[in-house]
Amino acid sequence: MSYQLLMNGRIVNSWGCINADILLKDDKIDAIGALGDLNIEGMQRVQCKGMLLLPGGVDVHTHIDSPMMGTNTSDDFETGTKAAAAGGTTTIVDFAMQPRGGHLLHALETHHAKARGKAVVDYGFHMCVTDLYDGATDEFAEIAQSGVTSFKVFMAYRGTLMLHDGELFEVLRKSGSVGAQVCVHAENGDVIDRLSADLVAAGRTGPSSHEISRPPSTEVEAVHRAIRISRMADAPLYFVHLSTEGAIEAVAEARANDWPVAGETCTHYLTLDRGLYDQPGFEAAKVVLTPPLRGEQHRTALWRGLRAGSLGVVSSDHCPFCLEDKRRLGGEDFRLIPNGGPGIEHRMLVLYSEGVVKNRITLEKYVDLTSTAPARQFGLASKGAIAPGFDADILVLDPTGHTTISSKTQNQRVDYSLYDDWEIDGSIVAVYSRGDVIARDGMFIGESGRGKFIVRDTR
Ligand code: URP
Ligand code: ZN
Ligand code: ZN
């Protein structure tokens, strides 16, 4: 048995903060309190005075080693989860993509094979349903029983990823009946396709057209529609990557009516402005991600939604592609630029600096959004809190530290960062995952392949 005592830190949970010691016994949190007098043979003492001790980050929206728009995301499970660890995230829930024409169970096994023996933090999967072939929903029970208790559907990308409304209804209905939940990418794909075709016909083929082709109304309409369809199916709904004021209002209204609707936003929607699409040349391709970045009115509404509770989770939507890959595929036509950007490594610190340090959210709220709430939402029962019996996943953050983000030194396998050259407050001193120190000062130092697949419970 091994014991570690983290002494004199400031422990932050979603329900409050205390100055205390944490006793770790093997991979679990054993006790919290004034434990300095404890004398256990072989116990290691770690001085944490002045440090914040937070539950390890839980990022429930990542696309690692994933086929997407004619290419593959650039991180595999080794590089992507090392980047997660270095940035204070100790659990991810990643999307297992069903290729068109492929079977769900086969796609799930393919994704398991990519992660097994490579992931260095604990991981679960959502199952992306992109092709509702005859009998597809019959596989839902087996998928849920295997611990993959959430499905994702797209309301955009007709011909590749999109399901139509009847199929969305069917996925909702069937998921509910097997105790799983549905995550929805809400954008009106058909309107976006029309607007995109108009832009190309007018010769506006560069990356900045991405934003124009996906106005806020395309998200807002789809959110309203999905809520209505989920009511018809009598099933709960989780919206991924919300970016607009109107979408948040729709979620808030549904929640006010006691409908089980949850909303997520991502670090980049909270912190980056649509002005990045006005950059010259191909630079704007770095922010060709979906939905696009928005203006200040929407960002203000997102922060408000986090405080009010209509948005409960902040994820990264880590979906990295090297700029060269974006250029090779979409240099002539913005519609072909792979949609997505990196973010797994910097979510925790950027949100700390932009949210807590700038007084937009409290420390407790920060912990809730980045760890406790996503763990609760997705059935990660042993994650998301510093309390006896929980996994010893702990982020040691120095609030007096400073961090410079640079794609030259980052661990994500991609040639840019959305936050390149940002100087931010706070630094990550150490990261514990099930009692192992897996990162120090922004570098992964743990063992390869140590991450475990998490079997999540059905609802
Ligand atoms: O731009 C994004 N978000 N790419 C990943 C796919 C998705 O929609 O989540
Ligand atoms: Zn999406
Ligand atoms: Zn995504």
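Could you tell me which trypsin sites (Lys or Arg not before Pro) in the range 12-94 are loop residues by DSSP with no more than 11 other beta carbons within 10 angstrom of their beta carbon? Please list the in-between numbers first.
Working: sites: 25, 28, 45, 49, 82; in loops: 49.
Taking the range 12-94 and a limit of 11 other Cβ atoms within 10 Å, the loop trypsin sites (Lys or Arg not before Pro) found are 49.
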Probe of 1.4 angstrom, ligands and nucleic acids ignored: what's the accessible area per residue over the range 5-65, in square angstrom?
43
With 14 Å as the cut-off, how large is the P(r) tail for the range 160-209, expressed as percent of Cα-Cα pairs?
64
Counting each pair of different Cα atoms once, what's the Kirkwood radius of the range 208-354 in Å, rounded to one decimal?
15.9
Whose amide H sits under 5 Å from the amide H of residue 426, counting only residues 5 or more places off or on another chain, with H placed in the peptide plane?
401, 402, 403
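Say a site is exposed when it is one of the GluC sites (Glu not before Pro), sits in a DSSP loop, and has at most 13 other Cβ atoms within 10 Å; what is then the longest site-free stretch of the chain?
The segment 42-331 is the longest one with no such site.
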Leading residue at positive end of dipole, the chain (Cβ point charges), from 47, 300, 287:
47
Computed ³J(HN,Hα) along the range 417-434: with the Karplus parameters 6.51/-1.76/1.60, θ = phi - 60°, integer Hz and x for glycine or proline, the list is 10, 5, 10, 3, 6, 5, 9, 10, 7, x, 9, 8, 8, 8, 9, 9, 10, 6
Links that overshoot a 22 Å alpha carbon limit, given the list 152/358; 383/452; 358/383:
152/358; 358/383
Taking the Cα centre of the range 308-453 as origin and charging only Cβ (+1 Lys, Arg; -1 Asp, Glu), how large is the dipole, in debye to the nearest 20?
400
Considering amide H positions built from the backbone, and no H for Pro or chain starts, which residues 5 or more places from residue 149, or on another chain, come under 5 Å of its amide H?
456
Given 0.36 nm per residue, what is the gain on full extension from residue 41 to residue 308 after removing their alpha carbon distance, in nm?
91.4 nm
Accessible area per residue, Å², the range 101-230 with all protein chains present, probe 1.4 Å:
36
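Over the range 282-337, what per residue volume does the convex hull of the Cα atoms give, in whole Å³?
Measuring per residue, one finds 90 Å³ for the Cα hull of the range 282-337.
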Can you give the direction-averaged projected area of the convex hull of the alpha-carbon atoms in the chain, in nm²?
20.0
Using 7 Å Cα-to-Cβ label points, what is the residue 105/residue 27 separation (nm, one decimal)?
2.8
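So if I place +1 on the C-beta of Lys and Arg and -1 on the C-beta of Asp and Glu, and nothing else carries charge, what would the dipole magnitude of the range 1-109 be about its Cα centre? I want it in debye, nearest 20. Please list the in-between numbers first.
Values: 7 positive and 13 negative charges, 75 e Å.
That gives a dipole near 360 debye.
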Evaluate the charge dipole of the chain about its Cα centre and quote only its size in Debye, nearest 20, assuming +1 on the Cβ of each Lys and Arg and -1 on the Cβ of each Asp and Glu.
380
What whole-number value in Å² describes the accessible area per residue of the range 348-455 for a 1.4 Å probe?
39
Sorted from largest down, what three extents in whole angstroms do the Cα atoms of the range 145-295 have along their principal axes?
49, 31, 29
Starting from 0.36 nm per residue, how many nanometres of slack lie between residue 437 and residue 459 once their C-alpha separation is accounted for?
4.7 nm
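Looking at the range 336-388, I'd like the Rg to Rh ratio, where Rg is from alpha-carbon atoms and Rh is Kirkwood's inverse mean 1/r. Please list the in-between numbers first.
Working: Rg = 13.8 Å, Rh = 12.7 Å.
Here the Rg-to-Rh quotient is 1.09.
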How many percent of the accessible area of the chain is carbon or sulfur, using a 1.4 Å probe?
49
Expressed in angstrom and rounded, the centroid-to-centroid distance over alpha carbons for the range 86-119 and the range 324-365 is 21
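Can you pull out the trypsin sites (Lys or Arg not before Pro) in the range 318-409 whose DSSP state is coil and whose Cβ has at most 12 other Cβ atoms within 10 Å? Write out the running numbers ahead of the final one.
Values: sites: 326, 327, 328, 335, 347, 358, 360, 365, 376, 383, 408; in loops: 358, 360, 383, 408.
Loop-located and lightly packed - 358, 408.
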When the helices in the chain are scored as -39500 (n - 2.57) per DSSP H run of 4 or longer and the sum is shared across all residues, what 222 nm value do you end up with, to the nearest 500 deg cm²/dmol?
-8000 deg cm²/dmol
Considering only the other residues whose Cβ falls under 15 Å of the Cβ of residue 360, what net charge follows from Lys and Arg at +1 and Asp and Glu at -1?
0
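Return the FRET efficiency for the residue pair residue 19, residue 190: r is the Cβ-Cβ distance, R0 is 60 Å, and the value is rounded to the nearest 0.05.
Details: r = 55 Å, r/R0 = 0.92.
E between residue 19 and residue 190, to the nearest 0.05, is 0.60.
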Tail fraction, Cα-Cα pairs, the range 337-459, threshold 26 Å, whole percent:
26
Please report, for the Cα atoms of the range 12-119, the Rg to one decimal and the Dmax as a whole number; what are they, in angstrom?
19.5, 62
Nearest-ten-degree value, helix 165-177 long axis tilted from longest Cα axis of the chain
30
List the residues, sorted by chain then number, that are 5 or more residues from residue 93 or on another chain and whose placed amide H is less than 5 Å from its amide H.
59, 60, 61, 62, 124
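The values are calculated or read from the model by the stated rules, or taken from the named source; none is laboratory data. A quick note: this is a predicted structure, and the numbers were derived from the prediction, not measured. Note that each Cβ is placed from the backbone with ideal geometry, even for glycine, and that neighbours are counted across all protein chains shown. With ligands, DNA and RNA removed, areas are computed over all heavy atoms of the protein, side chains included. Shrake-Rupley method; radii C 1.70, N 1.55, O 1.52, S 1.80 Å.
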